[in-house]
Protein chains: 2
Amino acid sequence: LPTKISLGPSDAFFPIPAALIVSGVEPKHNVATVAWIGIVSSTPPTVGISLKKDRYTLQLIREFGEFTVNIPSASLFKEVDFCGLTHGRERDKLKAAGLTPIAGKLTKTPIISECPYNMECKVTQELELGDWVLVLGEIVETSIDEDKIDTSNLAKIDIATVDPLVYCAKVRQYWSIGKKLGEGFGAGKDILKEK
Amino acid sequence: LPTKISLGPSDAFFPIPAALIVSGVEPKHNVATVAWIGIVSSTPPTVGISLKKDRYTLQLIREFGEFTVNIPSASLFKEVDFCGLTHGRERDKLKAAGLTPIAGKLTKTPIISECPYNMECKVTQELELGDWVLVLGEIVETSIDEDKIDTSNLAKIDIATVDPLVYCAKVRQYWSIGKKLGEGFGAGKDILKEK
C-alpha cells in the first residue's frame, strides 16, 4: 500500500470547474471566477456557489436575485484567470477580458457568448459559512453553442468540442481535459457482473 | 457570435470530480460515488456533498457524524462507476470493487488506499433541498500518496501523477485530464497589464 503524507486541514480540491459568474444587470454587471461551485440538488436543478463576503458579485446577486454560470473552454484560461485577479467595482471586467455579455432567456443578468455552456440561476437561499456565503440558485435555463451539440438529440453534448477548462484549487493550476475513458452508469457493469 | 441552443432547466455540469465517499465504521461501512460535491468555505475548509434522501451513505453519515472524500485517479474509472451502480446495504462495495479501506488519522471512517488524495470530514450541518440533502463537512485532515507530492515542499502536489478522474454529469462521461495550461493567479496577468 502507498505511504500517505499528511497535509492537515486544507481546501485543496480537484478536478473542478473555474466558472465565470455573471451578476447584475446592464450597465451594472460584473464577472467573477469561482471555483467553489457545484450542483447541490437535482429536484429542482440547483447550483451552489461560495463567495467571500466582501465580493462585489455577492452584492449584485443580492440586489438582483439572480446570476449566471458560464463554463469556459480551455482556450479561455487567461481570461478566466484575469477575472479572478481583479475587482469589478473598479472596471468593466467583461469588457477588459474581451468577453461579450448577451441576453439570457429567463434572467436579466447576461450570459457570456464566448463560454460554450451557460446556466441561468434564480437565488433560492444563502447560508453563511465562516468568511464565505454559500448562495444557492435554481437553474431555470441552460444553453449551449449550436456547434457543440447534436441538434437532433439534445442529450448529446460534445464534450471534446466544449473542451471545458479544468481547475485544481490550492495547487492553482489550469488543465485541459484529455481522453474520454468510458460511460457513466456503464463502465462499471463488468465489475457488477463478476461479483 | 455563436447561436445558443436552449436546453431548459438541467443539472448538466462539468468538469467535476466523481469522488468516492466512504461512510461508517468497520464492519458497517460503505462507499458511494458522488458528483454533487464541492468546497463551500475555506474558513474553515468545508466540503458539501449532496445525497439522495434514501441513500445508505446518508444514513451512515448521520449515524457516525463523519465521512471521507477520496479522489480517484483516471485508471479507477470502472471501480468508480461500479460504486455508483449498486447499493451498499446489500454487499461490501469496497471489497467488491477491490478497494482497500485504511485508517484515517482523525476519523474512524476509513479512507481508500487506492485513491491518491483523501479528505477526512466531520459533519457540521445538513440542508434539505428537494429529494436531496446537502451535507456539509469540515475538512479536518487531508492526505496524499507520498509519490505524488514534492515531500520537500508540500504545496507541490503533482497533478499529472495524481491524474484525477474527470466526470461530466448528465452527459455521463468519464474523462482524463490532458495538459497543464497555466498557473492560477498568474496566467491572467498579461491581460491585467494591457488594460
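Details
- Straight-distance candidates among the aspartates and glutamates for linking to B:Lys28, with alpha-carbon spacing under 15 Å and chain neighbours fewer than 8 residues away dropped: B:Glu63, B:Glu66, B:Glu90, B:Asp92.
- Residues in the range A:166-183 carry Karplus couplings, in order, of 10, 10, 10, 6, 6, 5, 6, 9, 9, 10, 9, 7, x, 10, 6, 9, x, 9 Hz; the curve used is 6.51 cos²θ - 1.76 cosθ + 1.60 with θ = phi - 60°, and Gly or Pro positions show x.
- Remark: the protein assembly as shown carries a charge dipole of roughly 40 debye about the Cα centre, counting +1 on each Lys and Arg Cβ and -1 on each Asp and Glu Cβ.
- Cα-based equivalent ellipsoid, the range B:48-142: semi-axes from gyration tensor eigenvalues, Å: 21, 17, 12
- Candidates A:Val140, A:Val80, A:Val47: whichever shows maximal mean-square fluctuation once chain A is modelled as a Gaussian network with Cα springs under 10 Å: A:Val140
- More than 22 Å apart - percent of Cα-Cα pairs taken over chain A: 52
- With viscosity 1.306 mPa s and temperature 10 °C, the Kirkwood radius over alpha carbon pairs of the range B:131-179 converts through Stokes-Einstein to a diffusion coefficient of 114 µm²/s.
- Karplus-derived HN-Hα couplings along the range B:73-82 (A = 6.51, B = -1.76, C = 1.60, θ = phi - 60°), whole Hz, x at Gly and Pro: 6, 4, 4, 8, 4, 5, 5, 4, 5, 4
- Rolling a 1.4 Å probe over the protein heavy atoms of the range B:128-195, with every protein chain left in place, gives an accessible area that is 44 percent carbon and sulfur.
- A convex hull fitted to the Cα coordinates of the range B:1-108 yields 163 cubic angstrom per residue.
- Fully extended contour minus Cα-Cα distance, from B:Asp54 to B:Ser152, at 0.36 nm per residue: 30.8 nm
- Size of charge dipole - the range B:77-195 - debye, nearest 20, with Cβ of Lys, Arg +1 and Asp, Glu -1, no other charges: 260
- Distance (nanometres) between label positions extended 7 Å along Cα→Cβ at B:Lys108 and B:Glu194: 5.7
- Fraction of the pair-distance distribution of the protein assembly as shown above 28 Å, Cα-Cα pairs, percent: 41
- Dipole magnitude of the range A:1-150 about its Cα centre (Cβ charges: Lys, Arg +1; Asp, Glu -1), debye to nearest 20: 400
- Across the options A:Pro44, A:Asn30, A:Gly178, the greatest Cα extent toward the positive end of the charge dipole of chain A (unit charges at beta carbon of Lys, Arg, Asp, Glu) belongs to A:Gly178.
- Gaussian network model of chain B, springs between alpha carbon atoms under 10 Å - residue of B:Gly182, B:Gly137, B:Gly98 with greatest fluctuation: B:Gly182
- Working note: Karplus 6.51/-1.76/1.60 with θ = phi - 60° gives the range B:89-103 the couplings 5, 8, 7, 7, 5, 4, 5, 4, 7, x, 9, 10, x, 10, 5 Hz, where Gly and Pro are set to x.
- Taking a straight Cα-Cα cut-off under 15 Å and skipping sequence neighbours fewer than 8 places away in the same chain, the aspartates and glutamates within cross-link reach of B:Lys179 are A:Asp163, B:Asp158, B:Asp163.
- Each residue of the range B:84-131 gets 133 Å³ once the volume of the Cα convex hull is shared out per residue.
- Drop in accessible area of at least 50 Å² in the complex versus isolated chain, residues of the range B:1-15, 1.4 Å probe: B:Leu1, B:Lys4, B:Ile5, B:Ser6, B:Leu7, B:Pro9, B:Ser10, B:Asp11, B:Phe13, B:Phe14, B:Pro15
- Taking the convex hull of Cα positions in the range A:8-60, its mean projected area over all directions (nm²): 5.1
- Based on protein heavy atoms only, the range B:42-120 ends up with 37 Å² per residue of surface accessible to a 1.4 Å probe.
- Descending Cα extents along the principal axes, the range A:108-195, whole Å: 47, 36, 28
- Computed from protein heavy atoms with a 1.4 Å probe, the total accessible area buried between B and A is close to 9300 Å².
- Pseudo-label separations to other copies for B:Lys189 - Cα-to-Cβ vector, 7 Å, nm: 5.1
- Computed from label points 7 Å out along Cα-Cβ, the spacing between A:Thr161 and B:Lys179 is 2.2 nm.
- Choice from B:Leu99, B:Leu134, B:Leu85 showing the highest fluctuation, given a GNM over chain B with Cα pairs closer than 10 Å: B:Leu85
The values are calculated or read from the model by the stated rules, or taken from the named source; none is laboratory data. Note that the structure is predicted; figures quoted are calculated from it, not measured. Please note: Cβ atoms are built from the backbone with ideal geometry, for glycine as well, and neighbour counts cover all protein chains shown. Side chains included, ligands, DNA and RNA excluded: accessible areas come from the protein's heavy atoms. Shrake-Rupley method; radii C 1.70, N 1.55, O 1.52, S 1.80 Å.
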